[in-house]
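Just below is one structure, and these are the notes that go with it.
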Amino acid sequence: MRRRSPFRAGVMVAAAVLISTLSACEQPQPGVDTATPEAGLCHAVFSPEEYDAGSESRPPVPCSERHTTQTFLVTTFPEPLASQAARPNQQQLKAAGRRVCTTEELRSYLSASTRDATTRLTVTSYFPSRDAWAAGARSVRCDVALTDQHGTPQETGLDLTGALAGPNSAVVRLCYRQELKDGVLSEDGADVPCSEPHTAEDISAWVAQDASLATPEAREARCLPYALEFLKSEKLPAGISVNPVIRTVGTARTIRCAVAPAGLQEPGQPLALTTGSLAPVHAPGTGGVTSNG
């Protein structure tokens, strides 16, 4: 999960005239002020200036409608700056956001388990306007946005509340797209959401490769316990295989444990891809699980 990254110019069209400067974005706007935010609400933050501003006060929109961010946490501005009368500057606000809008809080909101790996999510934070701060407001609004491969927030109609336990989790899960080279599947692969065509699904277990993990069989055996934990099964289910991916950075090689449909790549056949997730869907109140799409 990434920290906030501003929109690239021209990627998204604002619903109204773009505010020209950051200071202008921080002025109070009509609607619900960030002095009284609420977790679970979605927001149509369209312009780069609004997304990267210290405050955002547009009225929330239904999460089923097109939006760009969703509030996953509302908390209190940390001390000692919370006690000062003057609103902190931009650098101090961003530092406070990084401190309280944590990956752990986001994973909890998404209902992520230890073995759930995510991709293309970015976190941003909003604070009371100067007027609201002067009136005593000290809340912090932590928002999450779906992004493209460049980190640019995208419009969506998806509600991310508990997303990793639900049927639409593939949109935020990390998968890999490998390539066939001379009939052999490449060791590495490009990061893609599991909702896009892929060859393997990450299970959030990365292991440094050493001499003991030189063979495919050794790597699969090393990843098997993590795969069983991911699949919530005592043995590998029929139709699913362990398919580790190797990522090389400089001289360091890391095994990224992953799973895939068994028999996806048949010898001598063109590259086969799949979509969706192999993670079980939690069925609240029943204890049952089904395949995740």
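The values are calculated or read from the model by the stated rules, or taken from the named source; none is laboratory data. Because the structure is a prediction, the values reported are computed rather than measured. With ideal geometry, Cβ positions are generated from the backbone for all residues, glycine too; neighbour counts draw on all protein chains shown.
Observations
- Residue check, Leu146 in the same structural domain as Pro48 (by TED's automatic domain parsing), under 12 Å from the mean Cα position of the chain (by Cα), under 30 Å from Glu49 (Cα atoms) and not in a strand (DSSP E or B): no
- Taking the range 61-102 as the range and being of a type in the set (Asp, Glu) and more than 16 Å from Ser139 (Cβ to Cβ) as the test, only Glu65 passes.
- Flag for Leu160 being under 21 Å from Arg58 (Cβ atoms), of a type in the set (A, V, I, L, M) and modelled with pLDDT of 95 or more: yes
- Within the range 256-281, tally of residues that are within 17 Å of Thr118 (Cα to Cα) and either in contact with a Gly (Cβ under 7 Å, 6 or more places away or on another chain) or not in a loop (DSSP other than H, G, I, E, B) (or both): 11
- On the stretch given as the range 18-47, residues that are at pLDDT below 75 and under 24 Å from Thr156 (Cβ atoms) total 7.
- At least 2 residues being under 25 Å from the mean Cα position of the chain (by Cα) is the threshold, and among the helices (runs of 4 or more DSSP H) wholly inside the range 55-141 those reaching it are 90-100, 103-109.
- Among the residues of the range 257-269, some residue qualifies, meaning at least one is touching a residue at least 24 places away in the same chain (Cβ under 8 Å) and either in contact with a His (Cβ under 9 Å, 6 or more places away or on another chain) or not assigned by TED's automatic domain parsing to the domain that holds Glu217 (or both).
- Within the range 83-104, the presence of a residue that is in contact with a strand residue (DSSP E or B) (Cβ under 6 Å, 6 or more places away or on another chain) and charged (D, E, K, R) is excluded.
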